[in-house]
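Encoded as structure tokens, the structure appears first; notes follow it.
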Amino acid sequence: MSETNQIQRLLISSELPENPIATKMTLKEDKTCGGRFRWNLVINAIMIAMAAFPFYLPLEATLGINCFYASLWLLFTCLAVNTLSKIHNTIKKSFPYQIYFDHIPLQRTSRITLKTLQNVSQQRIAKEIILVVCMEEKTPDKESKINAVFEQFTNFFGKLIITVHPYGTPGEIPGKCSNNNYGIRSVYAHLKQSEPNFDPNKYFVTNFDVDNIFHKNFLDIQMMNILKEKDRNNYVWQPVLFYNWGLDKLSVFTRITGLARNMLMMGALIPFNINIMSVYTASLQLYIEGDFCHPTYQMEDIICYIRWKTLSKRSLKIKPIYCPTISGPTSGSNMWQEFVEWVRQNKRWSVGSAEVFHYFVIKASRVQFCSAFLWACNYLNYYASFICVQSLLLITTTIRLFAMESDPILQQYFCIPLIMVYICLFFMIFMNKLAVKYLLNDIVIEKIPIWKDFIHWILSLLVMVGYGLTIFYGFWEIFFCGKGVCTHEPSKKKVLDNIVQRKDDNIVQTKDETVIYVLQLQSEP
């Protein structure tokens, strides 16, 4: 048996020693973060107070607030256009390596996982990375998936490791947070044991899901971005996510939400250092200083960013990787199931946003006051105000104007911010179509007629209002139910069949597995 296979079997059998110190720390933190009184109640109070503005503020002030939200849309759109331009310029300058998605025959077992690994294996420097597939002990068809991965990809990477997170570990919830925590700790233990001169500052960990597909030059562009920075432990790198995996086949609410998430990542989350999402890269040293991933929080990406800021006491900055990455949107076998998955995912995001805000407040004393205050303001402005209050305010403003106000001239003034938002939503759709044509053309086939784009544009504001209302519901769900509602319910990913230039059978993907690759820097610029 080869050395690689020995490593793989060791991790699959869960024979690596556990870290009792980390477990005790996690249990202690969980007690601190529990209880009925939680700081996310601040978010609920802010939302109610601001949504009721039209009923106790002069209409001129309400008009100003609506214009403020329209100006945020305009700002985020302009920043997104700038980011999209930088992605285009970066890809133009990158080396024209060619990849062919069909050169490996994919087995029917866990096809999305294999397709994602195939995509990573076709990167130019794939043989220089350690690829880790993180599975749960109760993953369906676990043994067949493990065998399929070993059979097809053993010789494609520097090392191929599979970890199986044991079920029922005290102080942990099943899901990506605990799965990643176990996987990265396992790799760290292996590297310390196998390398005499092990230096965690030379290793960088990229965390992603099994429904992510990278651009053909992603690893090279990522390496170039990392090598540019001197103190690399102060940064977390985030590629721009596009949700165009079969998006042309899905409903208007799924498509518009996916386009909005893409634009707001480019225009808000990254530029304002609010949070990382789904796919991110950080040094192994930062993982160690930040005590890896918190295994009791379902939103592992946001909690990682906050946890690393507070424990490492670093002023972490989110650096964009100007390279498009595909992520799968929620979906279903019919319109109703798709809507149910959409609502469940939205609620999960809001519940997760609430619980990590509470975590941040109780840990904020470890961070410099100005840095903590600025981040909290940006976080609340985005998740509570822009995403949620804006939708509520549109409803309450409409009630005030048409049920309590009869001045037609004043009513016309309120059309100004509404038109501005619609213009931004138009550019959101237009930018994504440009991205599909010029940036994602190697990995996405998307055919949407103009009349369908027009209908989606007209309905886009209603979708965003519905999105805000489900977020609002999620914030109150955690208020009434407490932390017990903060569980990880993975979303089904069906009809993810158009990412490569052929079509596979529809499958249900619940994201039981996550993937990590560890990149070692070999040279300095």
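The values are calculated or read from the model by the stated rules, or taken from the named source; none is laboratory data. Predicted model, so just to flag it, every value in this text is computed and none were measured. Quick reminder, even Gly has a Cβ in these numbers, built from the backbone with ideal geometry, and neighbours come from all protein chains shown.
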Considering region 244-299 alone, what residues qualify as being closer than 23 Å to L219 by Cα and of a type in the set (G, A, S)? S278, A282, S283
Mind checking whether some residue in region 217-233 is in contact with an Asp or Glu (Cβ under 8 Å, 6 or more places away or on another chain) and not in a loop (DSSP other than H, G, I, E, B)? yes
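One line per residue, one yes/no per condition, for (1) under 21 Å from the mean Cα position of the chain (by Cα); (2) over 30 Å from R348 (Cα atoms); (3) modelled with pLDDT of 90 or more:
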| site | (1), (2), (3) |
| --- | --- |
| H165 | no, no, no |
| G171 | no, no, no |
| C177 | yes, no, no |
| G183 | yes, no, yes |
| L191 | no, yes, yes |
| K202 | no, yes, yes |
| M224 | no, yes, yes |
Name every residue in region 302-321 that is crowded, with 20+ Cβ neighbours inside 10 Å and touching a Ser or Thr at 6+ places or on another chain (Cβ under 8 Å), in order of residue number. I302, K309, I321
For region 124-154, give me each residue that is assigned to a loop (DSSP other than H, G, I, E, B) and not polar (S, T, N, Q). R124, I125, E137, K138, P140, D141
Quick one: count up the residues across region 159-185 that are at negative phi and either surrounded by fewer than 20 Cβ atoms within 10 Å (Cβ to Cβ) or outside any helix (DSSP H, G or I) (or both). 14
Given the structure, is L84 modelled with pLDDT under 90 and crowded, with 18+ Cβ neighbours inside 10 Å? no
Taking into account only those residues within region 45-80 that are outside any helix (DSSP H, G or I) and of a type outside the set (G, A, S), which is nearest to C388 (Cα to Cα)? L57
Cβ-Cβ below 6 Å, separation at least six or inter-chain, first residue in region 457-475 and at positive phi, second outside any helix (DSSP H, G or I) and not polar (S, T, N, Q): which pairs? none
Inspect region 435-446 for any residue being surrounded by fewer than 16 Cβ atoms within 10 Å (Cβ to Cβ) and over 34 Å from the mean Cα position of the chain (by Cα) and give the result as yes or no. no
Might you check whether a residue that is more than 16 Å from the chain's Cα centre (by Cα) and in a helix (DSSP H, G or I) occurs anywhere in region 314-330? no
Which of the residues that make up region 361-396 are under 20 Å from the mean Cα position of the chain (by Cα), without any contact (Cβ under 8 Å) to a residue 60 or more places away in the chain and crowded, with 20+ Cβ neighbours inside 10 Å? none
If we scan region 346-365, do we find a residue that is outside any helix (DSSP H, G or I) and out of contact with any Leu (no Cβ under 9 Å at 6 or more places or on another chain)? no
Conditions: (1) over 26 Å from the mean Cα position of the chain (by Cα); (2) surrounded by fewer than 18 Cβ atoms within 10 Å (Cβ to Cβ); (3) in contact (Cβ under 8 Å) with a residue 12 or more places away in the chain. N155 meets all but one. Number of the miss? (3)
With the structure loaded, tell me whether W245 is in contact (Cβ under 8 Å) with a residue 24 or more places away in the chain, assigned to a loop (DSSP other than H, G, I, E, B) and either touching a His at 6+ places or on another chain (Cβ under 7 Å) or surrounded by 20 or more Cβ atoms within 10 Å (Cβ to Cβ) (or both) or whether it fails that test. yes
